[in-house]
Amino acid sequence: MKKKPICANCANPYGTRKTTTQTFKWQKGEPPPKYRGNQVVVRETMIRQAPHNVTGSIHGVPFGHNDNVAERRLWDGQSYYLPYKPFCTLRCALAYARAAHAEHIRNTDESPEQREFETS
Ligand SMILES: [Zn+2]
């Protein structure tokens, strides 16, 4: 499995696993069907336990009175949700930008005040 990336500012691992949800059912008294794909099962959650008075469908899976219904969250082992890559948060992106800016000021003789006068 792929490890979480490291934030370019604070060096902490970050990111949320991108998962998909699979709904499945099985008859009361039988063992629940095992997952047979090549993804990682992150969590299984029971939605309805037989017997119950409701029939219908959940996420396109029809169920009857004696069906158990559950959901499993699957992860491909690689994909992360990383909206601020390569940073964990906008706060870290801003801190990094300010530090880079301060470093730039140190490396040139220009002070921020001088720059303001030059451009206005
Ligand atoms: Zn960070």
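Per-residue Cβ neighbour counts within 10 Å put K34, K2 in the sequence K34, K2, beginning with the fewest. Measuring nothing but how far apart in sequence close Cα pairs (under 8 Å, 6+ apart) lie, relative to its length, segment 1-91 scores a relative contact order of 42 percent. In terms of other Cβ atoms within 10 Å, V42, V69 run from fewest to most in the order V42, V69. Taking other C-beta atoms within 10 Å as the exposure proxy, E103, E44, E71 rank E103, E44, E71 from fewest upward. Computed from the Kirkwood radius of its Cα pairs, the Stokes-Einstein diffusion coefficient for the chain at 10 °C and 1.306 mPa s stands at 84 µm²/s.
Since every read-out is calculated from the coordinates, none of them should be taken as a lab result. Everything quoted here is computed from the prediction, not taken from an experiment. Cβ coordinates were reconstructed from backbone atoms using ideal geometry, including for glycine residues, and neighbour counts include every protein chain displayed.
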